[in-house]
Amino acid sequence: MIDLLVAGGGYVGLSLAVAVKTAAPHLSVTLIDGAPDGAWRGDERASAIAAAASSMLDVLRIWQTIAPEAEPIRRMVITDSKTADPVRPVFLTFEGDPDADRPFAHMVPNVALVGALRDKAASLGIDIRPSTTASGFTADEHAVRLKLADGGEIEARLLVACDGVRSKLRDAAGIKTVNFDYGQSGIVTTVEHERPHDGTAEEHFLPAGPFATLPLRGNRSSLVWTERTEDANRLIDSDDLVFEAELERRFGYKLGALKVVGGRRAFPLGLTLARAFVANRFALAGDSAHGIHPISGQGLNLGFKDVAALAETIVDADRLGLDIGSLAVLERYQTWRRFDTVRMGVTTDVLNRLFSNDIMPVRMLRDLGLGIVDRLTPLKSFFIRQAGAAASSDPKLLTGKAI
């Protein structure tokens, strides 16, 4: 029987396996991944990694590998306008916190991040099984037994589901969720532009949803473009000329001519919050526990917070001689993470409803609020720290300390 079984080979599943194995090498860790071996190499997207999450990756000896591919976000600009507006006034600007020892976030290509995590997992002796799909599980007082689609079975002391927002293992555990469909989809692609971005990320609040440009290495930017689902599907299916024309209307010409250099995909957006994060010998982490709107760019970082809290819970319990899969032990993790997750889910929900509309009185009030925040330096610093830095009550890994 193995000690820890992780279902899901994305960033959250891999980083959890690495964090636990790094702190407790004697624990046996197995990770199953439903995707074929090497499928992750085709992911053209990039992710925003907050300062606290990069501190965790630094402790795990992963940040050093991906740093050459990481582009720091030194400045964040927020505007509120319509697509047809000739001028988009800047209502709020966030500069990097001068007291911090690193930018409040970096953009990292997903291929670089997953590749570094997989290499680290292999060096630690973690058993990774690609093309392995779970069909369900049973748990009793002594063990959890994961049933595989090929008829096999794996027995473990603890099973952690990191299998995405539509988690089959969450459903198998009987954990209910709160769900809301926004009727929006996020279009993701990469563009090249003539002039440098200077490490500036921009978020334009448009009536259909936010349009975010995030800096990548060189004269390139990653886009997260929110549209009503029917319009997003139309844009994805359109030819390159129509797509780039619509893109230029939103991006503008401040960085010169644009060229789409990556594939374009659309992802449905909604709010999903698990009613419980744990059950007997079972825990949820990452998107399996929560799926939120990308308006704040905090989805991946919420998952890394789960990793830091769950890894510390598991390792501390093991050092005390406790059963790492017992519900009493796992309740610590749930208490640690549940409130923060619900708070972020509600915050992104409110922000999306507030900014994804064109009601004039609402626009006037939100623009006034953005202007007030922009003029109050202490309040701006607070928001920067909330977005990127770790708090004293956070798990050790997020504060740059080993477990």
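The values are calculated or read from the model by the stated rules, or taken from the named source; none is laboratory data. All figures in this text were calculated on a predicted structure; none of them were measured in a lab. Reconstructed Cβ throughout: ideal geometry from the backbone, glycine too, with neighbour counts over all protein chains shown.
Quick look at the values:
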| item | result |
| --- | --- |
| Residue ID - farthest from the chain's Cα centre (by Cα), chosen from residues in the stretch 147-172 that are part of a loop (DSSP other than H, G, I, E, B) and surrounded by 23 or more Cβ atoms within 10 Å (Cβ to Cβ) | Ser167 |
| Residue within the stretch 231-248 that is over 20 Å from Asp349 (Cβ atoms), β-branched (Val, Ile, Thr) and modelled with pLDDT under 95 present | yes |
| Residue list for the stretch 21-75, filter: assigned to a helix (DSSP H, G or I), over 20 Å from the mean Cα position of the chain (by Cα) and touching a residue at least 60 places away in the same chain (Cβ under 8 Å) | Lys21, Thr22, Ala23 |
| Only one of Arg281, Arg337 that is crowded, with 19+ Cβ neighbours inside 10 Å, under 30 Å from Gln184 (Cα atoms) and of a type in the set (Lys, Arg) | Arg337 |
| Residue identified as among the polar types (S, T, N, Q), at pLDDT below 95 and in contact with a Leu (Cβ under 9 Å, 6 or more places away or on another chain) among Ser185, Ser135 | Ser135 |
| Whichever residue in the stretch 208-246 is β-branched (Val, Ile, Thr) and under 12 Å from Gly186 (Cβ atoms) and, among such residues, is farthest from the chain's Cα centre (by Cα) | Ile236 |
